[in-house]
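The values are calculated or read from the model by the stated rules, or taken from the named source; none is laboratory data. Just so it is clear, the structure is predicted and the values come from calculations on it, not from any experiment. Here the Cβ positions follow ideal geometry from the backbone for every residue, glycine too, while neighbour counts run over all protein chains shown.
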Amino acid sequence: MKAARHPRLDRRVRFASLLSFSVSRRFDRSTLGILLVVPLLAVLLGLVAYPMLSAVLLSLQAKSAGVPGQFIGLANYIALFTRDSVILEVFGNTILYALASVILKVIGGLAMALVLNEALLGRNFFRGWLLLPWIVPTLVSALTFRWMFDQTGGVINFILSGLGLVSMPLGWLATPELARLSLILANAWRGFAFFGVTLLAGLQSIPLELYEAAEIDGAGVWQRIWRITLPSLEPILWTIVILSTIWTFNDFTMVWIMTAGGPSYSTHLFATYAYQIGFVGNQLGYAAAVSLVGTPLMVALIAVLAPRMWKEE
């Protein structure tokens, strides 16, 4: 006959087995979590940390293509802020270009979303059609706008002359003020569709009962937009504003194809100015310093705007 086991001993054995199972399960989960995070960390280190560190090291050197770099410390940055008379103009151009473009994208995208959110005939067709500015490659958009704003054969001057608004063709890309305006309009046209589609998705998530209750209380169209629509879209709006500001701040293709930073340096941004210095002037170290000098500004902008995305509604 088998000896009878004590009940307390059985309970201790079961407790020990459950505890070991729980510890092993927790260990398995933590191990799985680490294994899942490792690829992401590798991608971040390879695509973000390593290029950023390489750019910082390059900015501390006197480096030309095909020649070994010579470490010179902060000499490139000192020269940038003391002897470079163009950097302040580049800084102002970048701020103006990013700020004005994003404002126009917000206005155009919000208007597009409000219109396409209504029950209109052929609404789905127009939703797809208005995505074209975002779908078309930047190269095609830039070449098209360069032709449209051309002084002699451009369609903009042709229309203005036909309407009798100008007596002589305007040098859209040959005058500093008009060249800046042309770039801002081109960039805003390309980017407003992204705002429109994103905000349209946000509009469709707002409960209709809120608008019905506001209408019963006597709220007008603008009051409903101001009191219901905009507060409901605020997290989405700040998110796309941050993304678009970063993209616009670092824009290169549109500006380089349309004006190449001209006339003179009136439309140069940090990206185009660094490209001209590095690949045209063969001063890679100095170009790296130019490209990095705007980084603190972007970090400060994100630090100011990001908390607005996360605040409680």
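Quick notes on this one:
- In the stretch 221-240, of all residues being touching a Leu at 6+ places or on another chain (Cβ under 7 Å) and either at pLDDT 90 or above or surrounded by fewer than 18 Cβ atoms within 10 Å (Cβ to Cβ) (or both), the one that is farthest from ILE95 (Cα to Cα) corresponds to ILE228.
- In the stretch 144-174, residue farthest from VAL102 (Cα to Cα) [restricted to those that are out of contact with any helix residue (DSSP H, G or I) (no Cβ under 9 Å at 6 or more places or on another chain) and not in a helix (DSSP H, G or I)]: GLY164
- Among residues of the stretch 120-168, those that are of a type in the set (D, E, K, R), farther than 14 Å from ALA186 by Cβ and without any contact (Cβ under 8 Å) to a residue 60 or more places away in the chain, counted: 1
- For the residues LEU110, LEU104, LEU53, LEU96, the requirement of being assigned to a helix (DSSP H, G or I) and not assigned by TED's automatic domain parsing to the domain that holds LEU130 singles out LEU53.
- Within the option set ALA214, ALA193, being in contact with a helix residue (DSSP H, G or I) (Cβ under 7 Å, 6 or more places away or on another chain), under 20 Å from ALA119 (Cα atoms) and either outside the structural domain of MET112 (by TED's automatic domain parsing) or modelled with pLDDT of 85 or more (or both) holds for one residue only, ALA193.
- Entry remark, the stretch 205-220: residues being surrounded by 12 or more Cβ atoms within 10 Å (Cβ to Cβ) and over 30 Å from the mean Cα position of the chain (by Cα) number 6 in total.
- For the stretch 257-278, a residue qualifies if it is touching a residue at least 24 places away in the same chain (Cβ under 8 Å) and surrounded by fewer than 20 Cβ atoms within 10 Å (Cβ to Cβ), and the qualifying residues are ILE257, GLY262, PRO263, SER264, TYR265, SER266.
- Test: residue in the stretch 76-97 that is among the acidic types (Asp, Glu) and at pLDDT 80 or above: yes
- Entry remark, the stretch 51-70: residues being touching a helix residue (DSSP H, G or I) at 6+ places or on another chain (Cβ under 9 Å) and not small (Gly, Ala, Ser) number 8 in total.
- Residue within the stretch 258-267 that is under 30 Å from ASN93 (Cβ atoms), in a helix (DSSP H, G or I) and in the same structural domain as LEU185 (by TED's automatic domain parsing) present: yes
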